[in-house]
Amino acid sequence: MGQAITEWHTRAQEIKRGKIAQANDDSAWEELVRIQRSSTVNIIDFDPDNEIAIQQAANLLVEGFKVHWPDAWPDMESALREVRDALQPSKINRIAVDDEGTVMGWVGALSEYNGHAWELHPLVVRPDQQGQRIGSALVADLEAQVRARGGITIYLGTDDEDSMTSLANTEGAFHAAGEFCKRVQVSKKC
């Protein structure tokens, strides 16, 4: 499973960087679909009528966030409300499933600014499957879904409950961020 997901992710990154083909080149995206289908994890639309997948996705929220954000979805009731709310026709929802149809991860997005920007919410991978690049594959797939709908931006907000996403708590972070920005500016000039 991990090798196929890694290959899929690598090819997605190459396509996005223009190393294989332009992002709108259907043959490049068809190659991603072929790689994805050859793996034991497939990324599919989240069917709002699939009660088993809904239950599994709710469980992912409870289990996936309980360590670092325990108040987010502390129980199945709150998680089920979140899942059902997310499964609106105007939103994008994709799940990674194994060969038996078990939900391994879920990514969703909400359209903003007349479909030009999309807020990524949620992104969760089953804790025992983290580190297998399932989350990366879900995000790459979401990028393709947003692009197909005419979107040009995906953004993510975070709640930093235990200083895991704050650069301000890292010594020298502002200097590092400044150096990164300088590198980006220089690379744009090339």
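General observations
- Just one residue in the set ALA86, ALA109, ALA79 is more than 16 Å from the chain's Cα centre (by Cα) and buried (at least 18 other Cβ atoms within 10 Å of the Cβ); that residue is ALA79.
- Residue check, ALA137 surrounded by 18 or more Cβ atoms within 10 Å (Cβ to Cβ) and at pLDDT 65 or above: yes
- Residues located in the range 41-72, provided they are acidic (Asp, Glu) and closer than 14 Å to MET104 by Cβ: GLU63
- The range 50-77, residues that are in a helix (DSSP H, G or I) and without any contact (Cβ under 8 Å) to a residue 12 or more places away in the chain: GLU51, GLU77
- Residue count for the range 54-75, restricted to those that are over 20 Å from GLU119 (Cα atoms), in contact with a Leu (Cβ under 9 Å, 6 or more places away or on another chain) and not β-branched (Val, Ile, Thr): 1
- Consider the range 79-100 and keep the residues that are in a helix (DSSP H, G or I) and free of Cβ contacts under 8 Å to residues at least 12 places away in the same chain. The one that is farthest from LEU142 (Cα to Cα) is ARG81.
- The range 104-122, residues that are among the aliphatic types (A, V, I, L, M) and within 15 Å of GLU82 (Cβ to Cβ): VAL107, ALA109, LEU110, LEU120
- Residue that is farthest from GLU63 (Cα to Cα), among those in the range 101-125 that are of a type in the set (Phe, Trp, Tyr) and assigned to a strand (DSSP E or B): TRP118
The values are calculated or read from the model by the stated rules, or taken from the named source; none is laboratory data. Owing to the predicted nature of the structure, the values given are computational and were not obtained by experimental measurement. Counting neighbours? That spans all protein chains shown, and the Cβs are built from the backbone with ideal geometry, glycine included.
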